[in-house]
Each structure stands twice: as C-alpha cells, then as structure tokens.
Amino acid sequence: MLSNQNFNIHIRIMLVMLLAVIGSCSPTKQLKEGEYLLFSQEIKGASKSNKPRLEQLIRQKPNRKILGVAGYPYLEAYRIGKKRYEEQLPKDSVLLKQLIHEYDSLVKNQRKIIYLLNDDYEQQVEKVVAKFGDKDSLSVYRELYKLDKEHEKDTLSILKKIRKIRLKGNSKITKVKRKIEEGNWLMRSVGEPPSIYDGSLTEVSRKQIEKHLKQKGYFDAEVTVDVDTTDKKVSQVFNVTENTPSKVRIVDIISQDTAVHTLIAKNIEKAPLKESQRFEESRLEKERDWIYALLRKNGYYDFNKGYIYFEVDTGASPNLVDVSVLIDAPENQASHDKYIVDEIVFETDVAINARKVKQDTVMYEGVAYLDKGRKYSKRVLDSKVLIEKNAPYSEQATADTRRVLGNMDIFKFVNVNYEKKDNGHLKAHIFASSLDKYQYSFETGLNVNDRLPGPFASFTFKNRNVFNGAEVWQIQGRYSLEAQASASNTQDTYTGQEIGLNSSLIFPRVMFPLSRSLRRKYFARSAQTKLFSGISYTERPEYTRLNLQGGLSYQWRNRKNALFNLSLVDLSVINTPFISEDFDKRLSDLQEEGNNLIYSFDNSFVSSVSAYYSKAKGNYGTSQLGKSSFLKLYAELGGTYLNLLGQRFVDENDRIFGLRYFRFMKFYADLRQSLPIIPNVQQLASRLHIGMVKSYGDGVDAIPYEKYFFTGGSNSNRAWRPRRIGPGSFTPDVNPDGTFDYSFEQPGEIIMEANLEWRAKLFSIFNWAFFLDASNVWTFNEEEGRPGSQFQFRDFWKEFAVGYGFGLRLDFSYLLIRFDVGLKMYDPARPDGAKFVGGYQFFGREQAEYNLAIGYPF
C-alpha cells in the first residue's frame, strides 16, 4: 500500500505533462532584422463584458504553447518543415513548370484531335455523296447517318480519355502548387508560422473592441494598448475602460397600420427589446426577427423585414436611450394585407408522371388529397397537417407541417407553396414525394470496447405504408463478436458474442383513445406508437442469457426538439441456460452472506413501465468544439402489472408461472455540457450522472442483473477496468502479488459519476484531451459479503474513486477514434493513509488502464 505522500507524486506528474515540450528552441531565432515575435497578449478591465468575445476581435494571435503555458511545438514543427521545404523548392518549381507545359500541350492536342476528326469526317462525306450521287437520296442519308454515329462514338471515346488525362494532370499541378504556396505537410497541417508583430493590426483590433463595446451599450468606452518589447518579443495589453452603460428608457412602437400596432401591443411582453434593460444593438435585430415572426404567424404573408427600421436617440438623457420601432406600410397602401388560407391541396407521389398514372382526388376535413400512386390514410395525413383551412396564414404552422411530415420516415421531401387568390385568400399546396416502399440495408463494422475491437454485421429491412396508414414495419438482425474484460477474470481477454433479431411496427399516431381535439394538439401530431418484439442471445464466459422481449411505447417531440418517450408495456422472459462454476460459486457465497444477487440469474419474468425526457442543445453529438448540452431524465417502475394479478398466481417458491419476478423502482439523471475555451480550438466538457434503483414489495430483495448500476470503463471512470469500482469503500481480496483481485463486477443500487475533460485540437485530424473522472456505486443496506458498501451521507464524499489521464483522438468528422490512458489517483477501497495510489506506473502492479473506443466518452 502507498502512503498519502504519493499525492505529491501525482502533482509532479501533472506538472511534467503541463511542461512537456516538443523540441527545445528559442522562439525568436531566425527572425529577420526589425521583426518581433508576438509573445503574449491579454485584455484587462473588461469586468462586465464577454472577454472571450473581445479576444476573438483581436486580429493577431500569439503562437500556441503546450496547454497555453509552455513550449512552442507548433512553431518548431513549422521551422523543421520549412527547412526541408526550402531545400526542395527549386526542384518543385521546375516540376511545376513542366506540369503546366504538359497541361497546355494537352489542351492544344485536344483541339487538334477534334479538328482532324472533323476534317476526316468531311472527306468521308464527300466520298459517300460521290458514290451514290443524287439518284438514291435515301441510301445517301442512311450512309451519312451511320458515318455520323461512328464519328460521334469515336469523338466521345477520345474525349473521355483526354478528360481522364487532364484530371490526373490537374491533380498533380494542384498538389505542387499547394506545396509551393502553402508549404509542405509539416508546415500546413502540424506547424504554425511565427506570429510576427504588426502594429497596424493592433490598431485595427483596438478599434474593433471599442466598436463592439459601443454596440453593447458602453457608448463612453475607451480602449488603449500597452506594448512592451523585450528581446525581440512583444507583449501587449488591451486596457478596457467600460464606463457606465446606457439603458433603454422608452421603447415606442410606431405604425400607421392600426391592426399591426394592436397585434404587437397585445404580445409586447414577449418582445426581446424592453425598457430598463442595457441597450445592445443585437437586441434591435432580435426585435426585428420577433416582429417579423409574429406577423408572419398571424396572416401577413407578404410582410418582410424591410418594413421594420429603428431610430435610436442617445441624447435624451445621460446614459439613457430612447428607441423608436417604426413599421412602414407597403407602397401606395395604408395597411398591410392579411391573408386567409381558404384552400388546401395535398399532393403525394409528385415524382410520378400524372399522365401515366390515374389521379384520384379525395376530400377530407376540407383538404383535397391528390393521390397519383401510393394510397395513404387521409385521417393519418390530416393529423400531420397543421395548416388550418379558413384561418390566417401562419409561417409557423407551415414549418411545423413540413417538419412533422418529414419525420414520418415516409416521404423523401415535403414542400409547401402558396398561391395568391382574389380578396386576400391563399391556396396552400403541399407536395410530398414518397420514399421506396421496400428498403434493404446491410452494415458491417467494428465494435471497440475496453480492450480489442470486434466485428459486427447487421441487416435491416423496412416495409413502408404496410396498412395504407403510413406505418413502417422494420426487421433488424445483428451479430457481434466482442472482446471484453471478463466478469470473473480481468487478466484475460475473452471473446463474447451476441445475436439478436428485432421487429417493430411504427404507427405515425397515438394508438390510444383520444378525442379529436387532443389528437390535433401538436404533441399528438408528432407522436409515434411503436409495437416491438425481439430475441437476443448473449454468450459470455460466466454465463449465457436468452432474452425474449416485447412491448408498446409512445414517442413524440415538441417544437424545441425535446424527446419524450413512454414505454407503457415492456415485457421480458429471461433464461440463463449456463453459469460457469466459478461464477456460480461466487453467487452462492454472496447469498450465504445475505446478498441476493443469485436471484438475478434465475429464469425470470420482467415487466416494467418507463418514461424518459431528453433534450440536446447546440452541436451535441458532433465533433465540433463548441457550446452544447444534453439532459436525460429517466424513470422506471418494474413489476407494476404484477400487482394486478394478485398473490393467487404466486407459487410456493415465490414465482409467477414458474419464473422469478421482480418489483423495483429505477431513476437516474444524466447531464452533459461542453463550453468553448477557445472557439473551435479548445473546450471543457463535463458530465454528471446520478441514479438509484431499489426493489420493493413482498418478493425477493433483488432486481434483474441488467438493471443494476456499474461504474468503471472507457465511457465511465477510465482508470479502472469496466464495472470494477465499489461498492462504497468495499475492499476486494488481495492477490498473492499484493494487488487487488478485481475478478468480479460490482453492481450497485446508487450511482454517482462526475467527469471533466479538456479537449483541444492538436493538428490535422489529431486532437488531445486531459481528463479527471470520479465515481462509485453504493447499496442502500450494508452487505456482510461486501462491507463498506452502504451509502452514508457522512462518508460518501470520501468514497469516490478518482482517476486522471490523457487521450489522443483521431477525428474524421464522420468517425472519432479515441485512445485514453487512465491512471488511478484515489482509491477508496484502500485503508486510511494509503488511498492515494501510485498510478504513475504505466506497467506493473499499478499499471495504467488503456481504453480504445469509438466516439466521445460523454
């Protein structure tokens, strides 16, 4: 065991990481006379402003350093590449001239070839005419036609060859040009040219910052720059004096159109521009957008943003601003026209030629449906159309209609056009093109888990519009071969396999008794009902599981793209035909000590009702380093339907229909956020995961094995093997060599996970990351076989397993491959005084954990 003095070792390790430098160089060497390196710059005094936004306005940036504090690896890489580049430049210049000459000759030869063909063709025409004369015109024309076709064929063949050669030549020329103009690969992709100080750019930056502050309401703001030059290095400081910001005193809406003025006044509380708030120019544009959207939502089809402009009076009173919002009327009119939609036409299969296919017109709820090919239920389509007949035109209803119809997985595209009619009326024309009725897809790839990659293959079949109600029937088969850490032996990598076959029937509506008014609510229009069933077979060294599953769920999205899911019925019959001797002994030992985990591996019947809410913002789920967030709230009640059966179905072995049953409650919340440090270059990502699961009722105090919480692994705490942390301060057995025996997974009923990761671009497709992970699981009650597992408020904060490490990522835009090295820092399983462990040893007793995975960990 290691003492707490090893904490200092971790600090030294982290300092070494921070101070690591690729190459050692003087950043100012090789600078020419009169050149100075922009060494550092900062903004001072911007206490109320958005400093990262101000930093973006500075035209020049210092060369990047390791973590922003040490070394110039990118500058040194550029210099290495440039040295090689200068040695090759004369040779490449000659090569470039040769390629350009060849290219020009190619173009000239192409013209020459075509000219010769044309000349030869004319001679052959003369021979044909001379042979047949004017006596048999038909024969002449036939021969000429044949000759013309041969000439056309030969010409196209030659032109294709010429294009192929030209493309190859162009590619070579482009490559050499890029090398000469931008430098070699090391200079372009890895290196960074020296940031030579330019005083004119500093002045431009100063003015831009000052202008931005005035746009934010700091009309009296001043910006000065202090420049310090030492040893051919320049350090500059932008001193910002914000002074008192100006506030909006009056917002006056001015319009001669009384109907428009009344509409805006009625909704004024939702306006982004308000009195007593700090004046910002950006709010004027938001006000323009809000007025435009409001009017376009309430019938003003012809209204555009050009009718809206502002007058800002800054001289009315010190630090106070009066804003007049003026809305012009159309030319030669006293008011804006308001339009009513009095006709709606919905045309499906618009790609089908109407002259060849019979077109049927069916009226339903005031909408004319034109079917050219596939027939769809008019009742279903009506529930997706948010445009109302004899109602004012609404751009929002139009956009919602396109989105809801487009999310049905039935149509390739959906367009909505409007046609003006007399007396302020509109005809709405909805065009939709159907996707193929039958769709097949086959996919292969790699599953990358905690050790080695394994192949998978999946097949998907879709049948659309099964019952003419826009239903989608999907069958999916999948086989995967995976390399994972064994639950009973972490030292060996084993091969596990999983085979699954699933079927689902998706209805684009709520299959539940609802009134027509409820069905026409927005959530019901976007809702889906899913009937699903499946069978899966999982084979692991410890056990094999066969799972038969079926259920019914509802899913819908709101306008803010939040996802709601309600699984009203979820039934599973789980069979465990094989359990290894070692694993069975472990389960039996735990049972003797009061742990009922063995019941989780009985042949069982699992039923539950669950619901979750999820919402993603920004660019979450992509590789872009920007601001984003994700929230998921989940709740599940297991065994709920068993309460309806009563005890008469329970046998003497506490089973139902001969199968083990479970009653449990499960809840968890998962919050993830990413905040940019340097836009598109560095970001800070975090995750917080909290959950609990507990059995209830008169049955056994156990839950299905898959419903427990586990922590540790490539998407959790990366310094530990998968599912090996905890519970609580429980200490595993010790191996003969003094290391802990992490032979078994450690399920828990309470989980807390927190992750922090600093992500940044390195060069080209390579990114790096430093991370800190903290997590553990606990039980509600103390277990004799796992002492220290119980969650207690006075101690839980001392029982987090803490790991840290670094990672390398390959970002291919469509795919991100991640390699992380995790090191243990704090292990709650160790005795007091030895909880800080020596995770600095990459091999041996405290070796690091290596994680290879696809995608971000969170």
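See the values below:
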item	result
Residue that is nearest to ILE854 (Cα to Cα) [pool: residues in the range 816-840 that are part of a loop (DSSP other than H, G, I, E, B) and among the small types (Gly, Ala, Ser)]	GLY839
Only listed residue being within 19 Å of the chain's Cα centre (by Cα) and modelled with pLDDT under 85, chosen from LYS560, LYS632	LYS560
Matching residues in the range 544-601 - criterion: being aromatic (Phe, Trp, Tyr) and within 25 Å of PHE507 (Cβ to Cβ)	TYR554, TRP556, PHE564
Where VAL681 falls short, out of the listed (1) at pLDDT 80 or above; (2) over 29 Å from GLU782 (Cα atoms)	(1)
Residue in the range 580-602 that is in a strand (DSSP E or B) and surrounded by fewer than 15 Cβ atoms within 10 Å (Cβ to Cβ) present	no
Subset of the range 812-826 [in contact with a Phe, Trp or Tyr (Cβ under 8 Å, 6 or more places away or on another chain) and not hydroxyl-bearing (Ser, Thr, Tyr)]	LEU816, ARG818, PHE819, ASP820, VAL821, GLY822, LEU823, LYS824, MET825
Residues satisfying the stated conditions in the range 366-398, i.e. of a type in the set (Ser, Thr, Tyr) and either farther than 16 Å from ARG525 by Cβ or in a loop (DSSP other than H, G, I, E, B) (or both)	TYR369, TYR376, SER377, TYR393, SER394
Number of the exception - GLU343 against (1) under 34 Å from the mean Cα position of the chain (by Cα); (2) surrounded by 14 or more Cβ atoms within 10 Å (Cβ to Cβ)	(1)
The listed residue being modelled with pLDDT under 90 and not in a strand (DSSP E or B), out of SER488, SER480, SER458	SER488
Members of the range 466-477 found to be hydrophobic (A, V, I, L, M, F, W, C) and either modelled with pLDDT under 90 or crowded, with 17+ Cβ neighbours inside 10 Å (or both), listed by number	ALA470, VAL472
Breaking point among (1) assigned to a loop (DSSP other than H, G, I, E, B); (2) surrounded by fewer than 19 Cβ atoms within 10 Å (Cβ to Cβ), for MET363	(1)
Checklist (1) over 35 Å from the mean Cα position of the chain (by Cα); (2) surrounded by fewer than 13 Cβ atoms within 10 Å (Cβ to Cβ) applied to SER282, failing item	(1)
Residues (without any contact (Cβ under 8 Å) to a residue 24 or more places away in the chain and in a helix (DSSP H, G or I)) located in the range 282-306	ARG283, GLU285, LYS286, ARG288, ASP289, TRP290, TYR292, LYS305, GLY306
Of residues in the range 816-858 being small (Gly, Ala, Ser), buried (at least 17 other Cβ atoms within 10 Å of the Cβ) and in contact with a Ser or Thr (Cβ under 8 Å, 6 or more places away or on another chain), the one modelled with the lowest pLDDT	ALA853
Unmet requirement for TYR418, which otherwise passes all of (1) part of a strand (DSSP E or B); (2) surrounded by fewer than 15 Cβ atoms within 10 Å (Cβ to Cβ); (3) not hydrophobic (A, V, I, L, M, F, W, C)	(2)
Flag for LEU426 being buried (at least 16 other Cβ atoms within 10 Å of the Cβ), hydrophobic (A, V, I, L, M, F, W, C) and part of a loop (DSSP other than H, G, I, E, B)	no
Some residue of the range 686-707 being crowded, with 22+ Cβ neighbours inside 10 Å, out of contact with any Phe, Trp or Tyr (no Cβ under 9 Å at 6 or more places or on another chain), in contact (Cβ under 8 Å) with a residue 40 or more places away in the chain and not β-branched (Val, Ile, Thr)	no
Pairs where the first residue, in the range 28-52, is at positive phi and surrounded by 15 or more Cβ atoms within 10 Å (Cβ to Cβ) and the second is at pLDDT 90 or above and part of a strand (DSSP E or B), C-beta under 8 Å, 6+ apart	GLY45/ASN239; GLY45/VAL240; GLY45/THR241
Residue in the range 501-509 that is at pLDDT below 90, not aromatic (Phe, Trp, Tyr) and not in a strand (DSSP E or B) present	yes
Among (1) touching a helix residue (DSSP H, G or I) at 6+ places or on another chain (Cβ under 6 Å); (2) closer than 21 Å to ASN319 by Cα; (3) in a strand (DSSP E or B) - the single one ASP252 does not satisfy	(1)
Qualifying residue in the range 294-310 (condition: farther than 30 Å from GLU419 by Cα and outside the structural domain of LYS384 (by TED's automatic domain parsing))	yes
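The values are calculated or read from the model by the stated rules, or taken from the named source; none is laboratory data. None of these values were measured; they are calculated from a predicted model. Glycine also receives a Cβ, built like all others from the backbone with ideal geometry; neighbour counts cover every protein chain displayed.
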